[in-house]
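Report on one structure; see the data block that follows.
The values are calculated or read from the model by the stated rules, or taken from the named source; none is laboratory data. Quick caveat: nothing in here was measured; it's all calculated off a predicted structure. Methodologically, a virtual Cβ is constructed for each residue, glycine included, from the backbone with ideal geometry; neighbour enumeration extends over all protein chains shown.
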Amino acid sequence: MSEIVTVFRNRLRPEASGEYAAMSARMDTLARAMPGHVDSKTFTAADGERVTVVTFADRASHDAWRNHPDHVEAQRAGIEKFYETYAIQVAEVTRSHTFIR
């Protein structure tokens, strides 16, 4: 089985910041609590684009997270209230290498 990586790029609507922060924190906690969660990180670029990278151990774990009712509700809220734009890429890891000094 291969790890599954989701790359979620987005730009928030200007009026979304307060409520979005709480929802985003809940979704991060949810992802980290899901069986099969490997890692997740969010970065914000200088131009305001946000990028979240979430890794799960396998497709079944990823899909359980994607389809979790709280996550589905957050996805809906994102479209209705929070995001100006977003793009999602889901990929199966075919090669991985780590170096640690």
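Do we find that Asp70 is exposed (fewer than 14 other Cβ atoms within 10 Å of the Cβ), part of a loop (DSSP other than H, G, I, E, B) and charged (D, E, K, R) in this structure?
Answer is no for this residue.
Being within 15 Å of Arg66 (Cβ to Cβ), small (Gly, Ala, Ser) and surrounded by 11 or more Cβ atoms within 10 Å (Cβ to Cβ) is the filter here; which residues of the range 14-33 pass it?
The one that is within 15 Å of Arg66 (Cβ to Cβ), small (Gly, Ala, Ser) and surrounded by 11 or more Cβ atoms within 10 Å (Cβ to Cβ): Ala31.
Among the listed residues Ser24, Ser40, which satisfies the condition of being in a strand (DSSP E or B) and polar (S, T, N, Q)?
Ser40
List pairs: first in the range 74-97 and under 20 Å from Met27 (Cα atoms), second part of a helix (DSSP H, G or I) and of a type in the set (D, E, K, R), Cβ under 9 Å, 6+ apart or cross-chain?
That search, which allows pairs on different chains as well, returns Ala74/Arg26; Gln75/Arg66; Ala77/Glu19; Lys81/Glu15; Lys81/Glu19; Phe82/Glu19; Val90/Arg66.
Test Ser61 against the criterion of being in a strand (DSSP E or B), among the polar types (S, T, N, Q) and at pLDDT 95 or above, and give yes or no.
no
I need the full set of residues from the range 15-33 which are over 13 Å from the mean Cα position of the chain (by Cα) and free of Cβ contacts under 8 Å to residues at least 40 places away in the same chain, in order please.
Matches in the range 15-33: Glu15, Ser17, Gly18, Ala21, Ala22, Ala33.
For Met1, all conditions in the list (1) modelled with pLDDT under 95; (2) within 21 Å of Arg95 (Cβ to Cβ); (3) buried (at least 17 other Cβ atoms within 10 Å of the Cβ) hold save one; what is the number of the exception?
Exception for Met1: condition (3).
For residues in the range 34-52 being surrounded by 12 or more Cβ atoms within 10 Å (Cβ to Cβ), out of contact with any helix residue (DSSP H, G or I) (no Cβ under 7 Å at 6 or more places or on another chain) and among the hydrophobic types (A, V, I, L, M, F, W, C), which is farthest from Arg76 (Cα to Cα)?
Val38
Looking at the structure I just gave you, is Ile88 under 22 Å from Ala22 (Cα atoms), among the hydrophobic types (A, V, I, L, M, F, W, C) and surrounded by 12 or more Cβ atoms within 10 Å (Cβ to Cβ)?
Answer is yes for this residue.
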